[in-house]
Amino acid sequence: MAEQQLSASQEDYLEAISHVIDEKRVARSKDLVQRLGVNSSSVTQALRILSQKDLIHYEPYGVVTLTPAGETLARDVIRRHKALNAFFVRILGVDAATVEDAACKMGHAMPRVIVQRFLVQFI
């Protein structure tokens, strides 16, 4: 399977869907509106795009589930985010509340191969 090219926003949606499913067993559009702090039309548009990319199963007014490919990508996004958080807190000694946004942005920008080497070297 060729690697999906996703925007940072699309990765955020996959991550949010995964977290909501972990917390509530199912994800709905309204859960994503609340979690991401965006409006419902933005969520609907993002869900349609992710569905077209075969990363989620989505029907309007229904539940949202991750496909196997979507689940793999969501886990990868979460892993990158956690690794960078851990680096900033454990290695650099930065306060956990301070690093959240930076870890998220850097996680989207770093290619997978760099994150993998980063994990081996520092974490």
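Computed log10 I(q)/I(0) for segment 36-77 at 0.17, 0.18, 0.23, 0.30 Å⁻¹: -0.45, -0.51, -0.79, -1.07, from the Debye equation with unit scatterers placed on every C-alpha and solvent omitted. Under the combined filter of DSSP loop state and at most 11 neighbouring Cβ atoms within 10 Å, segment 1-87 retains these GluC sites (Glu not before Pro): GLU3.
In order along segment 35-46, the phi-based Karplus estimate (6.51 cos²θ - 1.76 cosθ + 1.60, θ = phi - 60°) of 3J(HN,Hα) comes to 5, 8, x, 10, 7, 5, 5, 5, 5, 4, 4, 5 Hz; Gly and Pro are listed as x. Find the relative contact order for segment 40-108 and round it to a whole percent, using C-alpha pairs within less than 8 Å whose residues are 6+ positions apart. Computed value for segment 40-108: 20 percent relative contact order.
Take every pair of alpha-carbon atoms less than 8 Å apart whose residues are at least six positions apart; their mean separation over the length of the chain yields a relative contact order of 23 percent.
Within the same chain, lysines fewer than 8 places from LYS30 are excluded, and of the rest, those with a Cα less than 23 Å from its Cα are LYS53.
In this rough spin-label picture, where each label sits 7 Å from Cα along the Cβ direction, the ALA69-LEU92 distance is 3.4 nm.
Take every pair of alpha-carbon atoms less than 8 Å apart whose residues are at least six positions apart; their mean separation over the length of segment 77-122 yields a relative contact order of 44 percent.
In summary, the convex hull built on the alpha carbon positions of the chain has an orientation-averaged projected area of 7.8 nm². With the helix formula -39500 (n - 2.57) applied to DSSP H stretches of n ≥ 4, the chain reaches a computed 222 nm mean residue ellipticity of -21500 deg cm²/dmol. Within the same chain, lysines fewer than 8 places from LYS105 are excluded, and of the rest, those with a Cα less than 16 Å from its Cα are LYS82. Taken over the Cα atoms of segment 8-72, the convex hull encloses 73 Å³ per residue. Taking θ as phi - 60° and the Karplus parameters 6.51, -1.76 and 1.60, the scalar couplings of segment 76-83 work out to 5, 4, 5, 4, 4, 4, 5, 5 Hz in sequence order, x denoting glycine and proline.
Computed from the coordinates by the stated procedures, all read-outs in this text should not be read as laboratory data. Worth saying up front: this structure is predicted, and the values here are computed from it rather than measured. A quick note on method: Cβ atoms are made from the backbone with ideal geometry, for glycine too, and the neighbour counts reach across all protein chains shown.
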